[in-house]
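The values are calculated or read from the model by the stated rules, or taken from the named source; none is laboratory data. The model shown is predicted, which means the values in this text are computed figures rather than measured ones. Cβ sites come from the backbone with ideal geometry, for glycine too, and all protein chains shown count toward neighbours. With ligands, DNA and RNA removed, areas are computed over all heavy atoms of the protein, side chains included. Shrake-Rupley method; radii C 1.70, N 1.55, O 1.52, S 1.80 Å.
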Amino acid sequence: MTRTDTIVAAATPPGRGGIGIVRLSGPKVPEIAAVMLSELPRPRQVTFARFLDASREPIDAGLALFFPAPASYTGEHVLELHGHGGPLVIEALVTRVLELGARRAQAGEFTQRAFLNDKLDLAQAEAIADLIDAGSREAVRAAMRSLQGEFSAMVRGLTEAVIDLRTYVEAAIDFPEEEIDFLADRELLERFQAVREHLKGVLESARQGRLLHDGMTVVIAGRPNAGKSSLLNRLAGYDAAIVTPIPGTTRDVVRERIAIDGMPLHVLDTAGLRHAGDPVEEEGMRRARAEIERADRVLFVIDAAEDPSAAAWREERARLPADVPVTLVLNKCDIAGSLEKSPAAIFQTVASLPGAKGAALAPCAEPPRLHVSALTGAGIEVLRGHLKGCMGFQTVEGGAISARLRHLESLARARGHVEEAERQLTERRAGELVAEELRAAQTALNEITGEFTSDDLLGRIFAGFCIGK
Ligand code: GDP
């Protein structure tokens, strides 16, 4: 695969449609256009043309658009043929272009060329795929923000702060007689703190963005018979888990992927968290705890008829990981009568939820409480709204950006290096090591926008695109 090849693919999805578009990119475009269309269309002007086969018979007639390099999507010569959207027409056009010396494009290859020709950075290229795959209006908006470079600008700002810090430390190393003073400087510690805060802010935005992209993993946990399976079924809108009045029915983890207004939500119904002698049930509990460790939020379900003071939660909270946010769901309000407090009480609780930026992941001392009935459906809409709020729907200041797990991992690595740099500074005053850690943090950040990226990673990223993009 070389960038000097000319590539071709249908840019519109397979199937029948009013219009079907074939797109070409590469050095041979002018030559191919001259043969297929009799002449090269004028740059950036819509030209009506007949698209000819080898015997100069028209395969189709339609609009041709020529974008000479470098002012095109890929940065190369690009030609678009807008013909009729029949699969055979499109395939005949592609075949003719192949005869004239192009080859079929691989998934994402147009965008990969745009990236390699500096038309966009890697985070923006990924945002294009996210935009195409977006499952909700919010995900569309977030992908657009990333595509327009908002996320890249955040990461670049952060990278510059790290570079500044590194320059400061390296200057100290260059004047060894003053190094100790330099490194003991209060200003340096303040700068470290500023970088840490900055990193935290970008990480929070990226976490929210990842939730919009990948969905949120919600674990439904609680005592046996609290109504966890019933709640899952309510949220899913169909019977996903087995519901019985016998405690301990759910022995393994049930996984469901449901959508709330297009927002993906992974729900795990876990084995009841209780002390049981049965080895199968013990294994179920072990798995439940492992799932909770990885969750974006825990819905801790309480049987409000049996346990109106939520004693189960107080007993269990110490065993739950501290950094996974929890919502208490007081279930069976149909028999516990707690809906008398609603709807005002419920809305008040929801309004006071930590809804702002990063809220979905911020640990919270006293978790928000919602009253529902999985049986009658009361309060379920409020719960859905709450989950949407936790994912950054309408709550992220200035709007969410779209981000991926890859970005989060790079940010987390950068944070690790910055923390280590600070430790080297405060504990050992080791200037060289501080600078080295900061360099590593910078490299981790650069991976997000693609300044330093292995071919292997690029291959994996673009393989996730559709053909023709
Ligand atoms: P799990 O063990 O926590 O998964 O609980 P289940 O979902 O299996 O429910 C246990 C029992 O409580 C079943 O008999 C359900 O029908 C009942 N139940 C669940 N939710 C409600 C509710 O909101 N109101 C009432 N009255 N009963 C419920």
Leaving out ligands, DNA and RNA, what percent of the accessible area of segment 144-236 is carbon and sulfur, probe 1.4 Å?
47
Distance violations [Cα-Cα > 23 Å] among K200/K228; K119/K469; K28/K119; K28/K469
K200/K228
Please list 190-201, 92-103 highest first by mean number of surrounding beta-carbon atoms within 10 Å per residue.
92-103, 190-201
Solvent-accessible area of D323, probe 1.4 Å, all protein chains present, reported in Å² to the nearest ten, please.
110
Report, to the nearest whole %, how much of the accessible area of segment 7-119 belongs to carbon and sulfur atoms, 1.4 Å probe, protein only.
58
Hey, can you rank 419-432, 146-159 by average C-beta count inside 10 Å, highest first?
146-159, 419-432
Run the 1.4 Å probe and let me know the accessible area of E283, rounded to the nearest 10 Å².
70
Protection-proxy order for peptides 218-227, 71-80, each taking the mean of Cβ atoms within 10 Å per residue, highest first:
218-227, 71-80
